[in-house]
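The values are calculated or read from the model by the stated rules, or taken from the named source; none is laboratory data. The model shown is predicted, which means the values in this text are computed figures rather than measured ones. Cβ placement follows ideal geometry from the backbone for every residue including glycine, while neighbour counts extend to all protein chains displayed. Heads up: the accessible areas ignore ligands, DNA and RNA and are worked out on the full protein's heavy atoms, side chains in. Shrake-Rupley method; radii C 1.70, N 1.55, O 1.52, S 1.80 Å.
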Amino acid sequence: MCYMKTRVVGLLITLVFLVSGAASAGQACLSIDSISYNGPEESRYLQTGVAQMVENRLSKAGVFVLDKCDSATLAISVTLFAGTANLSAAIEQKGFHFSRAGAESELIGFVQLMADEVAGVVEEKIEPPVATPYNKDAAAKATPAVAEEALRSEVFPLRVQSVAVGDFTGDGIMEAVAVSRSALQVLAVSKKAITETSRVSIPEYMKPVRLDVLDFDGDGRQEVILSAIHAVSQTPLALVYRHNGTTLVPVGNETRFLTAVVTLSDGKRACIGQKVDGIDYWGGMFQVILGDKGLEAANPLEMNEAFKVMSWDMAPTDKGEKGLFLLSEYGRISLWKDAKTSVFRSDDNYGGSLFYLSKQEGSKKQEQRRYLVSRVQAVDTKSLKGVGVLKAENSMGSLFQGLRRYKNGRVVVVGWNGYELEPIASTPSFKGFLSDFSIVDIDGDGTEEVFCSVLSAKGGVSGKSRSYFALSSLK
């Protein structure tokens with residue numbers, strides 16, 4: 001029921017097109033007569049939520065929802081019982097009847113399907129459908145068009161953990177950087193080729209977690225930030241690299257916190273840090289600046305418990321607003337209006353590479369998985385507004401548990417349409433484990449591309465790890 005309660009909260013604060021007055025001549029209209037509800041008392045606000053959702057969807061379809069419309073009156077019934085949901089509806093004037101039954105998590109999909117059919121009947125674009133038993137395939141939401149893979153690099157004998165894209169030299173040309181257990185790779189990326197231009201060794205004791213880029217000093221050259229875990233002590237480490245015209249060189253010393261680059265509420269990109277103590281405690285977050293000796297903690301960020309997550313970013317919605325998209329350690333994306341107001345949580349699973357943190361207590365060794373490299377990246381173009389995330393069709397697992405659990409990974413842009421989170425664009429599936437990605441306009445043509453790293457073999461006793469890079473469009 002907790003998922004349903006979260007959905008209900010999202011429904012109740014949905015942005016609704018409020019339409020008043022009489023419909024103009026020839027304009028389709030509809031009135032919602034009643035919504036009957038039978039189920040747990042704590043979910044009774046569905047009576048209001050479903051009405052708002054139907055009104056929103058019909059308004060988008062060009063159907064006026066009025067207090068009184070003689071030509072069409074819609075009656076809706078919602079029943080929840082033992083984890084199942086039943087939605088039925090009728091417009092007696094037009095002989096329309098609708099009925100669907102399934103799991104509680106499918107109720108939102110039922111309402112959308114019903115509203116679409118109601119719009120077609122009211123506007124006389126389709127014949128009134130005859131009520132049929134619920135068909136899961138027919139009711140499932142259509143997936144976005146999938147782009148064709150554009151370009152692949154050669155295969156490297158490395159286990160690439162994370163990637164980032166930026167302008168490291170200030171010449172206006174985007175480059176990419178990738179990190180594996182032993183090295184940083186600098187890559188030239190265009191729509192014609194992906195080639196390695198230099199490689200830098202990193203200390204053996206550093207287990208890479210994620211890469212990010214940010215222009216700390218505003219000189220037009222972005223620095224590379226590496227977050228890692230100490231292989232022995234499990235303490236976090238952060239180190240900054242700067243391009244010297246030939247390759248990447250470290251700036252200052254290592255500091256003891258994990259980092260990520262996000263969009264803050266003022267719309268500016270910034271580096272944040274979080275201290276980690278073992279596997280059980282995640283410390284507070286703060287803004288990070290770059291000093292002479294390396295990264296330094298600056299302003300604390302007042303976040304509540306919801307921000308102890310793998311990744312988050314401030315991103316626009318299709319309504320032109322800004323929302324906080326958060327990815328929990330269970331692979332669910334939430335939309336928040338601010339640091340304290342949750343709007344909606346998806347039931348879909350998103351995520352990426354998992355990382356093991358270990359803690360020794362006497363003779364017992366405890367391990368807990370953390371999705372430390374999972375990335376939520378803001379996307380704001382004319383056609384795409386939301387966040388890019390990793391989507392794996394199969395169950396989640398660890399790099400150490402077999403690649404078969406990671407096949408069919410893709411990058412998906414997820415947006416908020418006013419009443420739910422929905423996928424609006426996607427890359428193709430990649431063969432192997434899609435470990436990380438970066439969404440950026442590679443060539444400045446106004447179209448965002450996805451640069452990603454794919455682990456095609458995990459290695460082990462019998463052989464080496466192998467990875468390749470890919471550049472793809474979003475459709």
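Can you tell me which residue in the range 92-147 is least open to solvent (accessible area, probe 1.4 Å), limited to those that are assigned to a helix (DSSP H, G or I) and modelled with pLDDT under 50?
Restricting to residues being assigned to a helix (DSSP H, G or I) and modelled with pLDDT under 50, the top hit is A139.
Could you please find all residues in the range 57-92 being more than 13 Å from C29 (Cα to Cα) and polar (S, T, N, Q)?
Of everything in the range 57-92, those that are more than 13 Å from C29 (Cα to Cα) and polar (S, T, N, Q) turn out to be S77, T79, T84, N86, S88.
Only one of these is open to solvent by less than 40 Å² (accessible area, probe 1.4 Å) and either of a type in the set (A, V, I, L, M) or farther than 21 Å from L327 by Cα (or both): V209, V249. Name it.
V209
Got a sec? Which of I289, I279, I272 is modelled with pLDDT under 85 and of a type in the set (V, I, T)?
On inspection, the qualifying residue turns out to be I279.
What number of residues in the range 171-195 are touching a Leu at 6+ places or on another chain (Cβ under 7 Å), at pLDDT below 95 and of a type in the set (D, E, K, R)?
The number of residues fulfilling the criteria is 1.
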